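Structure first, commentary second.
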Amino acid sequence: MLLREVEYVRPSSLDEALRLLAADDGARPLAGGQTLLNVMKARAAAPDVLVDLNAIEELKGIDLAPNGTLTIGAMTTYTELLEAAETKARPILGEVAATIADVQVRNRGTIGGNVCSNDPTNHLPPLMVALGAEMVIAGADAERTVKAEDFFLGVYLTAAGPGEVLTKIRIPAGRSDGFAAVTIGADGTCIVNAAASLNGEARVAIGCVAAVPVLIRPGGRDADAVRDAVRGADLDPPSDVHASGEYRRHLAEVVAARAIEQASARS
Amino acid sequence: MEPQTSQTITVTVNGETYEREVEARRLLIHFIRDDLDLTGSHVGCDTGNCGACSVIYNGQLVKSCMLLAVQADGARIETVEGLAPEDGKLHALQQSFSDHHALQCGYCTPGMLMSAKALLDANPSASEEEIRKGLQGNICRCTGYWNIIDAVKAVAR
Ligand SMILES: Cc1cc2nc3c(=O)[nH]c(=O)nc-3n(C[C@H](O)[C@H](O)[C@H](O)COP(=O)(O)OP(=O)(O)OC[C@H]3O[C@@H](n4cnc5c(N)ncnc54)[C@H](O)[C@@H]3O)c2cc1C
Ligand code: FES
Ligand code: FES
C-alpha cells in the first residue's frame with residue numbers, strides 16, 4: 001500500500017528526537033511500527049513526520065537493580081523481554097511477551113509502543129497496571145514519572161502527549177503475578193484479559209472491557225474475593241463481532257480469577 | 001539530520017549491495033519487489049497478519065510490509081531468492097517442502113520458508129511444538145499446515 005507522503009528522520013539521541021518532535025505538530029515517534037504503520041495504511045492517522053526511535057541507544061536495554069527493580073528501556077522489543085536474563089527476575093514479563101502475536105511482531109514490537117498505543121486489546125497495559133509499574137516520560141524541558149494506573153487516558157491516548165517520549169518503564173520487585181486471557185485463536189488478539197499481582201496489596205487489572213485497564217483492589221486474595229470485586233466494579237464492556245458486552249463481563253470474572261490463582265500459586 | 005520525504009539507502013540483499021533513492025512512505029516489501037525486482041516475497045494482506053512478506057532482516061524474521069524501506073538503510077536482508085545455494089539446486093527446506101507436498105498454490109511458501117529458516121538458524125533441533133510456534137505468523141489458505149510442519153520437522157534434527 002502507498003502511504004500518504006511523510007517525512008522521515010532517524011535521530012541517534014533522545015535530545016535530538018525531542019527537538020524534532022517539538023519542531024513540528026505533525027511529528028510522531030515511530031517505535032516498532034507494528035501498530036503505527038497499519039494505522040497509517042488505513043489513513044486513521046497521517047503524521048507529517050516520523051521520528052524513528054530505533055537508533056537511540058538510551059531507549060534500549062534492561063537494568064536489574066540490587067533491590068530487584070527492573071528498568072526497561074521503551075525501545076526494548078518483546079523478543080528481548082522474553083530472552084533477557086534480567087527479566088527472569090519478574091517472570092510474568094517474558095511469559096506474557098511470548099504470547100503476543102507471532103515471531104515477526106515480537107521481533108519488532110516494543111514495550112513502549114505497546115503501552116503508548118494503548119489499544120484496549122493490547123496485552124501490556126493491564127499487566128503494567130497490575131505490576132504497579134512507573135512510566136518515565138521525557139518532554140522538551142523536563143522529565144516526569146507517572147504511575148501506570150494514571151498513564152492510560154483513553155483509547156490510543158496516554159499521558160505521553162504530543163512532543164513527548166516515553167523513555168523507560170520501572171517495575172518493582174516481585175514474583176507472585178498472573179496473567180490470563182481469552183483470545184481469538186492461540187496467542188491471538190485478546191477478547192478479555194486480566195493481570196494480577198500479589199506482591200503487597202492484591203491488584204488485578206482487566207483489559208478489553210473499557211478504554212483503559214480497569215484496576216481492581218479485591219478485599220481478599222482468593223478467586224472468590226476477586227470474582228466478587230469484579231462483579232462489584234459494574235463493568236460495561238463493549239460488544240463486537242467477537243463477544244457481546246454481557247459475555248465480556250462474564251469473561252472478566254473468569255480471567256481475573258485465573259490470573260489471581262496463578263499469582264497465588266507463586267506466592 | 002533533518003526530516004526528508006526521500007533518501008538514498010544502501011541495503012545488502014542476499015549478499016548483493018544496492019544503493020537506491022527511496023521515498024519515506026515506501027514500505028520495505030515494495031522496495032524489495034518493485035525497486036529490486038525480487039518478486040519472491042509476496043504481499044498477502046498488507047496488514048501484518050499473513051506473513052507472506054516475511055524476510056530475515058539483520059538476522060531477525062520480520063514482516064516487510066510492517067517496515068519502511070528507509071529504515072533498512074545499512075541493513076542486511078535475506079529473501080527467498082537467496083535460499084538456494086546455486087542455480088538448479090534447492091535449499092534443504094525447499095527440497096523438503098517439495099518432498100512433503102507442503103505447498104499447493106505456493107502463495108504463502110516464500111514467507112513460510114523464511115520463517116522456517118529463521119527458526120532453524122536459531123534452533124536447528126526445533127521440536128514440533130517449537131515449529132508450530134515459529135510458524136504462527138504465517139497463514140496458509142491451502143494446505144491445512146500439516147505437511148508444512150512435517151517438511152520443517154524433516155529438516156530439523
Ligand atoms: C498481526 C499483529 C498482531 C498483533 N497482536 C497483538 C496482540 O495480541 N497483543 C498486543 O498487545 N499487541 C498486538 N499487536 C500490536 C503490537 O504489539 C505492536 O507492536 C504494539 O501495539 C505497538 O508497538 P510498536 O513498538 O510497534 O509501536 P509503534 O507502532 O511504532 O507505535 C505505536 C504508537 O505509540 C507511539 N509511540 C511508540 N513508542 C513511543 C514512545 N517511546 N514514546 C511516545 N510514543 C511512542 C507511536 O507514535 C504510535 O502512535 C499486533 C500487531 C500485529 C501487526
Ligand atoms: S503482506 Fe505482510 S504480513 Fe501479510
Ligand atoms: S499453499 Fe496456498 S496459501 Fe499456502
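The values are calculated or read from the model by the stated rules, or taken from the named source; none is laboratory data. Keep in mind the model is a prediction, meaning the values are calculated, not measured. Positions of Cβ are generated from backbone atoms using ideal geometry, with glycine treated the same way; all protein chains shown enter the neighbour counts.
See the values below:
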quantity: Matching entry among A:Glu143, A:Glu134 (being surrounded by 14 or more Cβ atoms within 10 Å (Cβ to Cβ), modelled with pLDDT of 95 or more and of a type in the set (Asp, Glu)); calculated: A:Glu134
quantity: Within region B:14-37, tally of residues that are more than 10 Å from chain A (Cβ to nearest Cβ) and either within 14 Å of ligand 3 (Cβ to nearest atom) or surrounded by fewer than 21 Cβ atoms within 10 Å (Cβ to Cβ) (or both); calculated: 13
quantity: Flag if A:Asp25 is out of contact with any Phe, Trp or Tyr (no Cβ under 7 Å at 6 or more places or on another chain), acidic (Asp, Glu), more than 14 Å from ligand 1 (Cβ to nearest atom) and modelled with pLDDT of 95 or more; calculated: no
quantity: Helices (runs of 4 or more DSSP H) contained entirely in region B:101-157, each with at least 2 residues that are more than 14 Å from chain A (Cβ to nearest Cβ) and more than 15 Å from ligand 2 (Cβ to nearest atom); calculated: B:146-155
quantity: Subset of region A:146-164 [buried (at least 24 other Cβ atoms within 10 Å of the Cβ) and part of a strand (DSSP E or B)]; calculated: A:Phe152
quantity: Identity of the residue in region A:104-125, in a loop (DSSP other than H, G, I, E, B) and more than 8 Å from the chain's Cα centre (by Cα), that ends up farthest from ligand 2 (Cβ to nearest atom); calculated: A:Pro120
quantity: Single unsatisfied condition, B:Gln94 versus (1) closer than 21 Å to A:Thr99 by Cα; (2) within 16 Å of ligand 3 (Cβ to nearest atom); (3) in contact with a helix residue (DSSP H, G or I) (Cβ under 8 Å, 6 or more places away or on another chain); (4) polar (S, T, N, Q); calculated: (1)
quantity: Breaking point among (1) buried (at least 24 other Cβ atoms within 10 Å of the Cβ); (2) free of Cβ contacts under 8 Å to residues at least 40 places away in the same chain; (3) closer than 30 Å to A:Ala22 by Cβ; (4) not hydroxyl-bearing (Ser, Thr, Tyr), for A:Val226; calculated: (3)
quantity: Members of region A:99-147 found to be free of Cβ contacts under 8 Å to residues at least 40 places away in the same chain and of a type in the set (A, V, I, L, M, F, W, C), listed by number; calculated: A:Val103, A:Leu124, A:Ala133, A:Met135, A:Val136, A:Ile137, A:Ala142, A:Val146
quantity: Flag if A:Ala148 is away from ligand 2 (no atom under 16 Å from the Cβ), closer than 24 Å to A:Thr69 by Cβ, more than 13 Å from chain B (Cβ to nearest Cβ) and not polar (S, T, N, Q); calculated: yes
quantity: For A:Ser264: the one exception among (1) part of a helix (DSSP H, G or I); (2) exposed (fewer than 15 other Cβ atoms within 10 Å of the Cβ); calculated: (2)
quantity: Region B:38-88, subset among the hydroxyl-bearing types (Ser, Thr, Tyr) and at the interface with another protein chain (Cβ under 10 Å from one of its Cβ atoms), residue nearest to ligand 1 (Cβ to nearest atom); calculated: B:Thr47
